[in-house]
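Peer 1: Next up is a structure, given as structure tokens.
The values are calculated or read from the model by the stated rules, or taken from the named source; none is laboratory data. From a predicted model like this one, the values you see are computed outputs, not experimental measurements. We place every Cβ from the backbone using ideal geometry, glycine too, and count neighbours over all the protein chains shown. Accessible surface areas use protein heavy atoms only, side chains included; no ligands, DNA or RNA. Shrake-Rupley method; radii C 1.70, N 1.55, O 1.52, S 1.80 Å.
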Amino acid sequence: MEIFDQHYFSVNKALLKSTGLWPYESRRRKFCIRTFINLILGVFVIFPQLVRIYNYFGVNMDMVLEHAAILLFILTTYLKFLTSVYYEEKLKVVYDNIAKNWQAIKDENEVNILSQYSESGWFLTISYIMYIVIAASAYSLLPMAPVLLDMIDPLNETRPRLYILGGEYFIVDNVEDYGKVYAFELVPAAVTVWLICAVDSMYAASIEHCLGLLAIVKLRLQMCTQPSCDSRKDVSYRLIVQLIRLHKDIINFTDILESSYSSSFLILVGVNVLFLSFECIIVLTRFGQTMELIRYSMIMVGIVVHLFYLSWPGQKLTDLSIGLFQDAYLNEWYTCSTRAQKLLNLMILRCSKPCQLTAGGIYVMNFSNFAKIVKTSMSYMTVFASFR
């Protein structure tokens, strides 16, 4: 497991450990962190939002819609956490395979390929974390604008207070207790952001590792059909056997990833469609309220970025696995022995079915479906706008 202490995966490991999702951590530490997260998200966030929705229902439907959107966001993040806990053993197999691959691959060219893709995974992790932290910080700090304006340019009355989540905390004085509520809501906001960064970034890093293995298979396909291979010793046959075994391991690896994330992706995609539709409607209802319009527009953009980040690795996995079919077919296979050619035929047959990541086996994680979701959500927004 030394590979996870190197810079390729060190950030992912630190994030998973801090959220209680690192499977190799002690049970006591995981229990304490998970209990804390369950209390924060399950009790101190979801319950106040439900109370707020109940209070506004039938009185102010715009506010019901707003808090329903916040509740969907929290539930989506909570789902990521619960799914990672439930599939901990499967994810542990994924991490074990990553470590074994780094130990088994010794060829310098192949190590360079794996390093290149792992470096890409590290870059995706850092970029995603930076975006999420900056966006979440901006969203959390904007509610402080009325307080600062009261200090800089006071009016005859106190400006209305804005909240990060705006749950029902049964406070008496919104002005006097504002600081306490704001500080309290910063905690679940930070926990939510941290969970999103931990789960999503490790997913992307694992896919990048898988892409590196597929690139190694491509390299081996090129090497095994080179005329320099000794036909007397049938070097090509042995190389093809090795690459088929590696390809089989990759398929098993993607199957484990598929089973680990498929259920959560199915719910996640459905919730995000609703969430994005709600946010579009909320943005339409907030024209004239500059601060609120900015905040909810940022959330809408964040949802799109989130879906894109989940769809991009799936698209790359599909593209590279489809490319293997062409690589296996368009090479100098005629230079190999008869039995090596038969193995290549089996390889071509298997590569005709690309590796894919799906949401419940229904929705394929790729750019085409990502565009359909965004288009569908925008159409809902257009329909709603036509009635206003």
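Peer 1: Roughly how many nanometres apart are two label points built 7 Å out from the Cα toward the Cβ at ALA371 and ALA190?
Peer 2: 4.2
Peer 1: Next up: Determine the shape class of region 1-92: with a ≥ b ≥ c the square roots of the Cα gyration tensor eigenvalues, call it rounded for a/c under 1.5, and otherwise prolate if a/b is greater than b/c, oblate otherwise.
Peer 2: It comes out prolate by the Cα gyration axes.
Peer 1: Sticking with this structure for a sec: Let me have the 222 nm mean residue ellipticity of the chain computed from DSSP H runs of 4+ only, each contributing -39500 (n - 2.57), with the sum over all residues rounded to the nearest 500.
Peer 2: Computed mean residue ellipticity for the chain: -26000 deg cm²/dmol.
Peer 1: Pull out a ≥ b ≥ c, the square roots of the eigenvalues of the alpha-carbon gyration tensor of region 125-221, then state rounded if a/c is under 1.5, prolate if not and a/b is larger than b/c, and oblate in the remaining case.
Peer 2: prolate
Peer 1: Multiply the residue separation of LEU50 and MET63 by 0.36 nm, subtract the distance between their alpha-carbon atoms, and state the gained length in nm to one decimal.
Peer 2: Contour length minus Cα-Cα distance gives 3.5 nm.
Peer 1: In terms of Cα to Cα distance under 17 Å, which lysines are near enough to LYS106, apart from those fewer than 8 places away along the same chain?
Peer 2: Straight-distance partners of LYS106: LYS218.
Peer 1: Region 64-87 to region 177-219: how many Å between their Cα centroids?
Peer 2: Cα centres, region 64-87 to region 177-219: 14 Å.
Peer 1: Counting only the backbone N, which residues of region 129-154 are under 18 Å from the spot 7 Å out from the Cα of LEU79 toward its beta-carbon?
Peer 2: Under cut-off, by backbone N: nothing.
Peer 1: Right, here's the next one. How much FRET efficiency would the formula 1/(1 + (r/R0)^6) give for ASP107 and ARG339, where r is the Cβ-Cβ distance and R0 is 35 Å, rounded to 0.05?
Peer 2: With R0 = 35 Å, the Cβ-Cβ based efficiency is 0.90.
Peer 1: Taking the radius of gyration and the Kirkwood hydrodynamic radius from Cα positions alone, what is the Rg/Rh ratio for region 1-160, to two decimal places?
Peer 2: Taking Rg over the Kirkwood Rh, I get 1.12.
Peer 1: Given a cut-off of 26 Å, name the pairs among LYS17/LYS248; LYS353/LYS375; LYS90/LYS248; LYS90/LYS342 whose C-alpha atoms lie farther apart than that in the structure shown.
Peer 2: Over 26 Å apart, Cα to Cα: LYS17/LYS248; LYS353/LYS375; LYS90/LYS342.
Peer 1: For LYS180, which aspartates and glutamates qualify as cross-link partners when the Cα separation must be under 15 Å and same-chain residues fewer than eight apart are set aside?
Peer 2: Result set, ordered by chain and number: GLU168.
Peer 1: Which order do peptides 257-269, 176-188, 362-374 fall in by mean Cβ count within 10 Å, highest first?
Peer 2: Listed from highest to lowest mean packing, they are 257-269, 362-374, 176-188.
Peer 1: From the Cα gyration tensor of region 72-178, with a ≥ b ≥ c the square roots of its eigenvalues, which class applies: rounded if a/c is under 1.5, or else prolate if a/b is larger than b/c, or else oblate?
Peer 2: oblate
Peer 1: Using a Förster distance of 35 Å, how high is the FRET efficiency between ALA135 and SER26, based on the Cβ-Cβ distance and rounded to 0.05?
Peer 2: The value I calculate is 0.60.
Peer 1: Calculate what fraction, in whole %, of the accessible area of region 2-387 sits on carbon and sulfur atoms when a 1.4 Å probe is rolled over the protein chains.
Peer 2: 64
Peer 1: Further question on the same structure: Could you order peptides 27-34, 109-116, 240-247 by the average number of other Cβ atoms within 10 Å of their residues, highest first?
Peer 2: 240-247, 109-116, 27-34
Peer 1: Can I ask one more? Quickly work out the ASP96-to-PHE170 label distance, labels modelled 7 Å from Cα along the C-beta direction, and quote it in nm with one decimal.
Peer 2: 4.8
Peer 1: Restricting to Cα pairs below 8 Å that are 6+ residues apart, what does the relative contact order work out to for region 2-387? Please round to a whole percent.
Peer 2: Contact order relative to length: 21 percent.
Peer 1: Accessible area per residue for the chain in Å², computed with a 1.4 Å probe and the full protein assembly in place, what is it?
Peer 2: That works out to 50 Å² per residue.
Peer 1: Once the piece of chain linking ASN38 and SER127 is laid out straight, how much longer is it, given 0.36 nm per residue of separation minus the C-alpha distance between them?
Peer 2: Length gained between ASN38 and SER127: 29.3 nm.
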